[in-house]
Amino acid sequence: MFANNNMLFVMLNGKADALGDLSATNTSNTTFAGAGMAVGFAAAAAVAKGTSAAAPYTDATTAWLADGGYVTASHTGHMSIDFPYGPTPVSVSVSITSVMTHGVGGLLSASLSDYGLF
């Protein structure tokens, strides 16, 4: 993505949608860039309460993009719980993503031939 291989880049996105009589959404994104590493965290949550005539709807998603590191690790988890029965049906959706990339120079970015092993 970038021509400069001395740059680390992490971008995260969170989106939450809720439809119902009572609804709430929240998203949060945090990134950190330090010496040879970049770390990011994103969370999204949606909660909705409906009626027996109109069921609630929720959707929460998180996504990431990282570039520039020699080692990149990420984890994304989604959970959705619906209680569609009774006089006040409820829907909850949650998504969490974490990502880390590092390796601009140093031991992890060097090839084995740089150390005379091959």
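The values are calculated or read from the model by the stated rules, or taken from the named source; none is laboratory data. It should be emphasised that the depicted structure is a prediction, and the values quoted were computed from it without experimental measurement. Don't worry about glycine lacking a Cβ; one is built from the backbone with ideal geometry, like all the others, and counts go over all protein chains shown.
Looking only at residues that are more than 14 Å from A43 (Cα to Cα) and assigned to a strand (DSSP E or B) in segment 81-118, which one is modelled with the lowest pLDDT? Full working, then the answer.
Pass one, segment 81-118, residues more than 14 Å from A43 (Cα to Cα): 81-91, 100-118.
Filter once more, keeping what is assigned to a strand (DSSP E or B): 81-83, 90-91, 100-102.
Values: I81: 95, D82: 93, F83: 91, V90: 95, S91: 96, M100: 93, T101: 90, H102: 87.
Of everything passing the filter in segment 81-118, H102 is modelled with the lowest pLDDT.
Quick check, is F32 modelled with pLDDT of 95 or more, assigned to a strand (DSSP E or B) and not aliphatic (A, V, I, L, M)?
Working: modelled with pLDDT of 95 or more: no; assigned to a strand (DSSP E or B): yes; not aliphatic (A, V, I, L, M): yes.
So F32 fails the test.
Given the criteria of a type in the set (A, V, I, L, M), part of a strand (DSSP E or B) and under 12 Å from the mean Cα position of the chain (by Cα), does V39 qualify? Quick ask: steps written out before the conclusion?
Working: of a type in the set (A, V, I, L, M): yes; part of a strand (DSSP E or B): yes; under 12 Å from the mean Cα position of the chain (by Cα): yes.
The answer is yes for V39.
Within the group A24, A73, A18, which residue is buried (at least 19 other Cβ atoms within 10 Å of the Cβ) and either closer than 16 Å to H102 by Cβ or of a type in the set (A, V, I, L, M, F, W, C) (or both)? Steps first, answer last, please.
On the way: A24 fails: buried (at least 19 other Cβ atoms within 10 Å of the Cβ); A73 fails: buried (at least 19 other Cβ atoms within 10 Å of the Cβ).
Result of the check over A24, A73, A18: A18.
Working only within segment 56-70, note down all residues that are buried (at least 17 other Cβ atoms within 10 Å of the Cβ) and either of a type in the set (G, A, S) or under 18 Å from the mean Cα position of the chain (by Cα) (or both).
Within segment 56-70, T58, D59, A60, T61, T62, W64, A66, G68, G69 qualify.
I'm told A53 meets every condition in (1) more than 14 Å from the chain's Cα centre (by Cα); (2) assigned to a strand (DSSP E or B) except one. Can you identify the failing condition by its number?
(2)
Kindly indicate whether A44 is out of contact with any helix residue (DSSP H, G or I) (no Cβ under 8 Å at 6 or more places or on another chain) and part of a strand (DSSP E or B).
On the way: out of contact with any helix residue (DSSP H, G or I) (no Cβ under 8 Å at 6 or more places or on another chain): yes; part of a strand (DSSP E or B): yes.
It is true that A44 is out of contact with any helix residue (DSSP H, G or I) (no Cβ under 8 Å at 6 or more places or on another chain) and part of a strand (DSSP E or B).
I'd like to check something: does segment 52-64 contain any residue that is at pLDDT below 90 and on the phi > 0 side of the Ramachandran plot?
We begin by selecting, within segment 52-64, every residue at pLDDT below 90; these are 52-55.
Filter once more, keeping what is on the phi > 0 side of the Ramachandran plot: none.
Within segment 52-64, not a single residue is at pLDDT below 90 and on the phi > 0 side of the Ramachandran plot.
Looking only at segment 28-51, how many residues end up being in contact (Cβ under 8 Å) with a residue 24 or more places away in the chain and either touching a strand residue (DSSP E or B) at 6+ places or on another chain (Cβ under 7 Å) or surrounded by fewer than 19 Cβ atoms within 10 Å (Cβ to Cβ) (or both)?
So the first thing to find is which residues in segment 28-51 are in contact (Cβ under 8 Å) with a residue 24 or more places away in the chain, and the list is 33, 36-51.
Adding the requirement that they be either touching a strand residue (DSSP E or B) at 6+ places or on another chain (Cβ under 7 Å) or surrounded by fewer than 19 Cβ atoms within 10 Å (Cβ to Cβ) (or both) leaves 33, 36-49, 51.
Matching residues across segment 28-51 total 16.
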